[in-house]
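Here you go, one structure.
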Amino acid sequence: MCGIVGYIGKNKKAKDVVIKGLERLEYRGYDSAGIAFVDNNKLIIQKEKGRISNLKNVVDFNNKANVAIGHTRWATHGIPNKDNAHPHRCGKITIVHNGIIENYMELKKELENVGYVFKSETDTEVACALLDYLYKKNNENIKNTIKQFQKLTKGAYALGMLCDDDLNSLYAIKKNSPLIIGTNNNENYIASDVPAILDFTNKYIVLDDGEFAKITSDSINVYNKNGNMVNKEIKTFDGSAEDINKNRYDHYMLKEIHEQPEVTKKMIDAYIDNENNSFISDMPDLSKYKNITIVACGSAMHAGLIGKSLIEEYGNIQVNVETASEFRYKKLFIDKDTLVIAISQSGETADTLEAVKIANDSGCDTLGIINVNGSSIARNTSKVLYTKAGPEIAVATTKAYSAQVTLLSFIAYNLAKNSKDINEIKEIQKFLTDLNKLPILMQKILDNEEEYRQIAGSIYNNNDIFFIGRGIDYALCMEGSLKLKEISYIHSEAYPAGELKHGTISLIENGTPVIGIVTDKKIADKTISNIKEVKSRGANVIYVTTDNLVKDGDFYDTKVTIPKTNTLLQPLLTIIPLQLIAYHVAKLNNCDIDKPKNLAKSVTVE
Ligand code: F6R
């Protein structure tokens with residue numbers, strides 16, 4: 001959560017760079033923002049409640065400062081206001097912080113006992129005071145200060161720091177929260193994520209846990225927790241600022257929905273050798289595991305539910321899907337025969353990361369399905385398969401979700417392909433042919449956007465919207481419902497179609513929208529019976545089905561027909577109308593689609 005940017009260099013105005021970087025990182029948090037910059041050897045701090053645009057209005061852009069640090073916040077300790085916003089300053093130390101200092105209450109008491117007074121409710125102000133205290137105690141030796149700070153603090157932090165005694169240096173300190181250092185000729189940067197600096201450079205260094213760095217305009221010295229200098233690889237980001245622009249779209253979310261055919265092509269190129277009908281990359285053989293546990297949060301967990309259906313059906317391995325925040329606190333039945341798969345777009349979700357650590361400690365192999373290269377979860381799993389979705393900026397995930405589902409279908413296919421029943425499973429035999437056709441079919445659905453906009457027009461005024469389906473369609477209902485509620489703030493629930501009559505059906509009134517999904521021939525009649533139950537109670541039924549299922553009647557008000565494809569790939573088509581309906585419902589309600597209230601893109605708190 002929260003975003004950090006810092007700049008030190010001879011060529012640019014530091015404030016411009018930091019504000020631009022913060023705008024790029026706004027998806028990480030957007031309830032307050034602030035900047036500290038050096039003007040005539042004096043440090044100036046400006047903060048504002050609300051969006052970066054509010055901060056931009058108060059910052060003087062004529063200033064030629066060549067050092068600055070900035071922050072965009074998603075409140076964890078204390079409400080969003082100017083006092084709680086970063087940067088925080090104490091004595092000669094000024095910091096911006098991402099993460100949570102878990103023992104800040106104990107530290108605060110000790111610091112109060114030696115005379116420190118606090119203005120904000122934040123753990124960050126405590127961290128700043130601690131750094132100031134240690135700086136004085138260590139005869140103003142900054143390296144020793146940082147080393148001791150790391151020993152005394154528990155939790156997660158990525159810190160950008162300035163010290164009044166040396167305003168030609170910028171410090172970066174990292175533990176359990178992401179922090180990178182960008183570099184270019186005579187200019188260096190710090191940031192929570194590469195997109196923040198992509199307008200200026202695509203060369204970067206990833207700081208590891210426990211490391212800290214002293215950065216000037218022409219040098220970067222990285223130290224480990226013992227204070228010894230370490231050599232770091234300079235990486236090149238595979239992408240450009242163009243990839244993180246909205247281009248012709250009104251919102252990032254819409255752009256990212258439309259990028260799904262291209263992402264699927266990238267996944268095919270990365271993983272499939274079409275000539276040899278096999279996987280290019282070293283797709284792991286999972287057949288040795290007795291069972292699989294998938295840990296993830298939110299939409300990534302919903303992708304996991306699709307994976308469960310596919311792997312159990314085609315790979316014949318039992319799969320449990322666990323919400324990562326629950327997995328951490330329950331009795332576990334995992335051992336060396338269990339593979340734990342962690343799914344995460346950001347690779348930084350705190351609960352998923354902790355679940356991975358528990359799985360590692362339990363002796364399990366862990367496999368990450370991750371979008372962000374080199375992220376914390378990627379570094380903590382025994383093996384990583386990267387989704388090739390590229391940077392995803394909208395808070396509500398779309399293309400990364402479908403890339404996760406694509407990889408899970410590859411895993412299911414790989415298991416099935418090596419099984420002895422292969423000749424009996426037609427779906428498996430033609431998987432690669434169908435996969436190659438998928439981007440075109442996705443595009444066909446995207447071309448029908450007007451149809452989904454009209455459906456949105458018929459339901460956007462309602463207070464409740466339900467989704468029902470069975471099996472894999474129920475997993476899709478969960479994702480469709482989450483998409484809708486998180487961006488439009490309309491109450492929505494997803495139900496297994498057969499479960500309605502055990503309670504929820506009492507909520508159906510005249511005109512209540514119910515989106516019923518029916519893509520599986522085997523259970524189509526059962527779900528249609530459930531749809532009829534809601535229809536006869538007055539529901540406004542939107543029936544989503546495939547073109548091979550000729551099931552008609554007076555049980556729906558609107559029908560959405562999508563192309564039939566391989567059963568292993570069908571969810572990748574079915575989800576698109578649901579994403580577009582959610583998008584247009586939110587748009588018609590004038591919601592802030594890319595930055596829904598109270599949310600942030602990457603959830604690095606537990
Ligand atoms: C919903 C959404 C969230 C994320 C969840 C996990 O649109 O984006 O539910 O899926 O916070 O995030 P990652 O995948 O980064 O671990």
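The values are calculated or read from the model by the stated rules, or taken from the named source; none is laboratory data. The model shown is predicted, which means the values in this text are computed figures rather than measured ones. Heads up, the Cβs are rebuilt from the backbone with ideal geometry, glycines too, and the neighbour counts pull from every protein chain shown. Accessible surface areas use protein heavy atoms only, side chains included; no ligands, DNA or RNA. Shrake-Rupley method; radii C 1.70, N 1.55, O 1.52, S 1.80 Å.
Confirm whether Thr349 is within 25 Å of Glu259 (Cβ to Cβ), under 17 Å from the mean Cα position of the chain (by Cα), outside the structural domain of Leu482 (by TED's automatic domain parsing) and open to solvent by less than 10 Å² (accessible area, probe 1.4 Å).
Working: within 25 Å of Glu259 (Cβ to Cβ): yes; under 17 Å from the mean Cα position of the chain (by Cα): yes; outside the structural domain of Leu482 (by TED's automatic domain parsing): yes; open to solvent by less than 10 Å² (accessible area, probe 1.4 Å): no.
For Thr349, the condition - within 25 Å of Glu259 (Cβ to Cβ), under 17 Å from the mean Cα position of the chain (by Cα), outside the structural domain of Leu482 (by TED's automatic domain parsing) and open to solvent by less than 10 Å² (accessible area, probe 1.4 Å) - is not met.
Of all residues in the range 87-107, which are touching a Lys or Arg at 6+ places or on another chain (Cβ under 6 Å) and open to solvent by 50 Å² or more (accessible area, probe 1.4 Å)?
As a first pass, look at the range 87-107 and keep what is touching a Lys or Arg at 6+ places or on another chain (Cβ under 6 Å): 102-103.
If the condition is that a residue be touching a Lys or Arg at 6+ places or on another chain (Cβ under 6 Å) and open to solvent by 50 Å² or more (accessible area, probe 1.4 Å), then Glu102 is the only one that fits.
Does Asp209 satisfy the criteria of being surrounded by fewer than 21 Cβ atoms within 10 Å (Cβ to Cβ) and closer than 21 Å to Gly347 by Cβ?
Numbers: surrounded by fewer than 21 Cβ atoms within 10 Å (Cβ to Cβ): yes; closer than 21 Å to Gly347 by Cβ: yes.
Against the criterion (surrounded by fewer than 21 Cβ atoms within 10 Å (Cβ to Cβ) and closer than 21 Å to Gly347 by Cβ), Asp209 qualifies.
Can you name every residue in the range 274-289 that is under 29 Å from the mean Cα position of the chain (by Cα) and among the charged types (D, E, K, R)?
Selection gives Asp282, Asp285.
Restricting attention to the range 156-170, which residues are within 34 Å of the chain's Cα centre (by Cα) and open to solvent by 10 Å² or more (accessible area, probe 1.4 Å)?
Hit for the range 156-170 is Ala156, nothing else.
Looking only at the range 493-519, how many residues end up being free of Cβ contacts under 8 Å to residues at least 12 places away in the same chain and in a strand (DSSP E or B)? If you could, list the steps in order and put the result at the bottom.
Here is the first cut: in the range 493-519, the residues free of Cβ contacts under 8 Å to residues at least 12 places away in the same chain are 499, 502-503, 506.
From the residues that got through so far, the ones that are in a strand (DSSP E or B) too are none.
Final tally of qualifying residues: 0.
Could I ask something else about it? Pairs only if they're at least six apart or on different chains, beta carbon under 7 angstrom, first in the range 11-31 and without any contact (Cβ under 8 Å) to a residue 60 or more places away in the chain, second of a type in the set (Ser, Thr, Tyr) and not in a helix (DSSP H, G or I); list them, first residue then second.
Sorted first by the residue in the range 11-31, then by its partner, the pairs are Ala14/Tyr7; Val18/Tyr7.
OK, next. Kindly provide the set of residues from the range 520-543 that are closer than 20 Å to Ala475 by Cα, of a type in the set (S, T, N, Q) and free of Cβ contacts under 8 Å to residues at least 40 places away in the same chain, ordered by number.
Residue satisfying the conditions is Ser529 alone.
For the range 21-37, what are the residues that are at pLDDT 90 or above and either small (Gly, Ala, Ser) or surrounded by fewer than 24 Cβ atoms within 10 Å (Cβ to Cβ) (or both)?
Initially, the range 21-37 is screened for residues at pLDDT 90 or above, giving 21-23, 33-37.
Matches in the range 21-37: Gly21, Glu23, Ala33, Gly34, Ala36.
Return the pairs, sorted by first residue and then second, in which the second residue is near the ligand (Cβ under 7 Å from one of its atoms), the first residue lies in the range 338-352 and is assigned to a strand (DSSP E or B), the beta carbons are less than 7 Å apart, and the residues are 6+ apart or on different chains.
Correct list of pairs: Ala342/Ala296; Ala342/Thr352; Ile343/Ala296; Ile343/Ala300; Ser344/Ala296; Ser344/Ala300; Ser344/Thr352.
Among residues belonging to the range 391-408 that are within 11 Å of Gln260 (Cα to Cα) and either hydrophobic (A, V, I, L, M, F, W, C) or free of Cβ contacts under 8 Å to residues at least 40 places away in the same chain (or both), point out the one that is nearest to the ligand (Cβ to nearest atom).
Ala400
Does Ile146 qualify as being within 24 Å of the chain's Cα centre (by Cα), open to solvent by less than 10 Å² (accessible area, probe 1.4 Å) and at pLDDT 95 or above?
Values: within 24 Å of the chain's Cα centre (by Cα): no; open to solvent by less than 10 Å² (accessible area, probe 1.4 Å): yes; at pLDDT 95 or above: yes.
Here the answer is no, as Ile146 does not meet what is asked.
Filter the range 365-383 for residues that are away from the ligand (no atom under 14 Å from the Cβ) and either open to solvent by 30 Å² or more (accessible area, probe 1.4 Å) or among the small types (Gly, Ala, Ser) (or both) and give the result. Spell out how you get there, then give the answer.
Step one: of the range 365-383, the residues away from the ligand (no atom under 14 Å from the Cβ) are 365-367, 374, 379, 382-383.
Listed by number, the residues that qualify are Asp365, Gly374, Arg379, Ser382, Lys383.
Same structure, new question: So which pairs qualify, if the first residue must be in the range 467-492 and over 16 Å from Lys526 (Cβ atoms), the second must be charged (D, E, K, R) and within 15 Å of the ligand (Cβ to nearest atom), the Cβ gap must be under 6 Å, and the two must be at least 6 apart or on different chains?
From residues that are over 16 Å from Lys526 (Cβ atoms), the pairs are Ser492/Lys485.
Being aliphatic (A, V, I, L, M) and open to solvent by 20 Å² or more (accessible area, probe 1.4 Å) is the filter; apply it to the range 476-499 and report the residue that is nearest to the ligand (Cβ to nearest atom).
Within the range 476-499, the first condition is being aliphatic (A, V, I, L, M), and the residues that meet it are 476, 478, 482, 484, 487, 490, 494, 497.
Checking the rest, the ones that are also open to solvent by 20 Å² or more (accessible area, probe 1.4 Å) come to 478, 482, 494.
Values: Met478: 11, Leu482: 6, Ala494: 14 Å.
Across the range 476-499, the extreme among qualifying residues is Leu482.
Within the range 253-267, how many residues turn out to be within 12 Å of Ala389 (Cα to Cα) and hydrophobic (A, V, I, L, M, F, W, C)?
Total meeting the criteria: 3.
Each row is one residue, and each column tells you yes or no for (1) within 16 Å of the ligand (Cβ to nearest atom); (2) of a type in the set (Val, Ile, Thr).
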residue	(1), (2)
Glu313	no, no
Ile317	no, yes
Thr323	yes, yes
Phe327	yes, no
Phe333	no, no
Ile343	yes, yes
Glu348	yes, no
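A quick yes/no check of all residues on (1) within 12 Å of the ligand (Cβ to nearest atom); (2) more than 24 Å from Tyr460 (Cα to Cα); (3) outside any helix (DSSP H, G or I); (4) in the same structural domain as Lys154 (by TED's automatic domain parsing):
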residue	(1), (2), (3), (4)
Lys564	no, yes, yes, no
Leu568	no, yes, yes, no
Leu573	no, no, no, no
Gln579	yes, no, no, no
Asn598	no, no, yes, no
Ser602	yes, yes, yes, no
